[in-house]
Amino acid sequence: MRNFLTALVLGLAIALANFAPALAERVEVRVSISRQVMTVFHEGRKLFEWPVSTAKSGYVTPAGSWTPEFLSRDHRSRRYNNAPMPWAIFYHGNYAIHGTDAVKRLGKPASHGCVRLHPKNAKILFRMVKAEGMQNTRVTIVQ
């Protein structure tokens, strides 16, 4: 009986370990700095591919993988003259994915480090993250 319980507990632990990563990535956001493109996946299926603007010369959009830290629907930048950052998803300190009014610059580096999106796309992504939960979202930035 003891061996059976040990095997059962071990099997359950392995199953939970394999299940946890799947929960953490219900929404997956991948940003390619070199291509200036964001790809959005939901439960492993590609839903969207949108042009973005990442850091212009002299600034950095850090590469890495994060879970969002907080959401702010009508955010204003304290660092850059109260600049509007609608539908902001903060994922690494002061770095966020957010809407921009500089839509003509999308597809080219133009930001101070954030990932800029068309406001309509930022709203869609914001609502997805809010609905699925920040803990179930992964933001990955690659060169």
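The values are calculated or read from the model by the stated rules, or taken from the named source; none is laboratory data. This is a predicted model, so every value here is computed, not measured. Cβ sites come from the backbone with ideal geometry, for glycine too, and all protein chains shown count toward neighbours. All accessible areas refer to the heavy atoms of the entire protein, side chains included, with ligands and DNA or RNA removed. Shrake-Rupley method; radii C 1.70, N 1.55, O 1.52, S 1.80 Å.
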Segment 40-143: relative contact order from alpha carbon pairs under 8 Å, six or more residues apart, as a whole percent, is 34
Charge tally in the Cβ shell below 14 Å around LYS123, where Lys, Arg are +1 and Asp, Glu are -1, LYS123 excluded | +3
Distance in Å, no decimals, from the C-alpha centre of segment 45-78 to the one of segment 89-143 is 4
Calculate, for segment 78-123, the solvent-accessible area per residue in square angstrom, rolling a 1.4 angstrom probe over the heavy atoms of the protein chains.
-> 53
Counting only protein heavy atoms with a 1.4 Å probe and every protein chain in place, the carbon and sulfur fraction of the accessible surface of segment 24-131 in whole percent equals 48
